[in-house]
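To start, the structure under review is shown below, and the notes come after it.
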């Protein structure tokens, strides 16, 4: 007879809570987990795994990739995913949602293009300075848009975006 550790029991309870919230969970050899939701015509997928230091690393895989963070407990993973799903449930009703996803995918692609640029080419300081200025301009545009836009999700504050953020 096998005995489940309290951590395994807690993790099973957390997976059950996500299932009750509408998730389908794929367990990959007990070390990596895919948590999938279908919201209307959109698929939202998360992946998390246990790190060597017994923390969990969480990322959103669909509809675009985002490294969400590292968390100490399974319960934190559940709460982060539930809030994120609530935000998506709200956002998919926007007439701009598809364009938002498209822009986010372009930004993700830009990160990869920039990595290829500096790994494969010798870039001048002037060109790097121009790119840095362009990124700063995008940040200022995002902050300006935030200031003149109505806030639609108020159950928690944004993790990063605020008037004082700087790169």
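Nothing in this text is a laboratory measurement; each read-out follows from the coordinates by a stated rule. Please read all numbers here as calculations on a predicted model, not as lab measurements. We place every Cβ from the backbone using ideal geometry, glycine too, and count neighbours over all the protein chains shown.
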Item to check | With Cα atoms, 0 to 90° folded angle of helix 74-91 axis to the chain main axis | outcome: 50 degrees
Item to check | Cα convex hull volume per residue for region 97-148 (Å³) | outcome: 66 Å³
Item to check | Nearest 10 degrees, 0 to 90: helix 6-20 Cα axis against the chain principal axis | outcome: 70 degrees
Item to check | Highest average packing first - 75-88, 119-132, 5-18, Cβ atoms within 10 Å | outcome: 75-88, 5-18, 119-132
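Take the Cα pairs of region 45-102, get the Kirkwood Rh, then feed it into Stokes-Einstein at 37 °C and 0.692 mPa s and tell me D in µm²/s.
Answer, rounded: 266 µm²/s.
Grab the alpha carbons of region 5-90, take their convex hull, and tell me the volume per residue in Å³. Can you show the working numbers first?
Numbers: hull volume 7.5 nm³, N = 86.
Residue-normalised Cα hull volume stands at 87 Å³.
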Checklist entry - Angle, helix 125-148 long axis vs. longest principal axis of the chain, Cα atoms, 0 to 90°, nearest 10? => result 70 degrees
Next on the checklist: Given R₀ = 25 Å, what would the calculated FRET efficiency be for residue 13 paired with residue 151, taking r from the Cβ atoms and rounding to 0.05?
Outcome noted: 0.15
Checklist outcome for this item: One finds, for residue 110 and residue 90 with R0 = 30 angstrom and r their Cβ-Cβ distance, a FRET efficiency to the nearest 0.05 of 0.70
Checklist outcome for this item: Over the chain, the quotient of the Cα radius of gyration and 2.2 N^0.38 Å is 1.25
Item to check | Mean separation of Cα contacts under 8 Å (6+ apart) over length of the chain, as relative contact order % | outcome: 11 percent
